[in-house]
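A short worksheet on the structure shown next.
Read-outs: derived from the displayed coordinates by stated rules, not from any lab. If you're wondering where the values come from, they're calculated on a predicted model, not measured in any experiment. Using ideal geometry, Cβ is built from the backbone for each residue, glycine included, and neighbour counts are taken over all protein chains shown.
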Amino acid sequence: QVQLVESGGGLVQAGGSLRLSCVASGNIFSINTVGWYRQAPGKQREAVAIIPSRGSTIYADSVKGRFTISRDNAKRTVYLQMNSLKPEDTAVYYCYANLNGRGSWGQGTQVTVSS
């Protein structure tokens, strides 16, 4: 069984930074599209940043210039560097990855930005 485990969330003041990590484990022979999503209270889950299996990285307009997604295939890890954080970035952040041809989600990590 494969799984994704996120870490790195927490409480930070506006203007601060956090780096989220997502590690894939299990019997994995392929990792294709990876990404980060978030869900704020009372809102739908939205895409934050995606590295597609082909093509360019995609960012939500609200995070462009502040967030950077990256991946380390050798470590089976996806990162989300978040700078200049704003209170509106407060949400549960979820890692997504296409593992062995199937979509998988992590359990989520809470990010809270205080004003």
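Below 8 Å between Cα atoms, with a sequence gap of 6+, how large is the relative contact order for the chain in percent? Mind dumping the intermediate values first?
On the way: 286 pairs, mean separation 43.2, N = 115.
With pairs under 8 Å counted, the relative contact order is 38 percent.
Semi-axes of segment 1-97's equivalent ellipsoid from the Cα gyration tensor, sqrt of 5 times each eigenvalue, largest first, rounded to whole Å? Write out the running numbers ahead of the final one.
Values: eigenvalues 103, 41, 32 Å².
Ellipsoid half-lengths, sorted descending, are 23, 14, 13 Å.
Just from the alpha-carbon atoms, what are the Rg and Dmax of segment 1-48 in angstroms?
13.7, 40
Calculate the dipole size of the chain relative to its Cα centre from +1 charges on Lys and Arg beta carbons and -1 charges on Asp and Glu beta carbons; express the result in debye to the nearest 20.
The dipole magnitude comes to about 180 debye.
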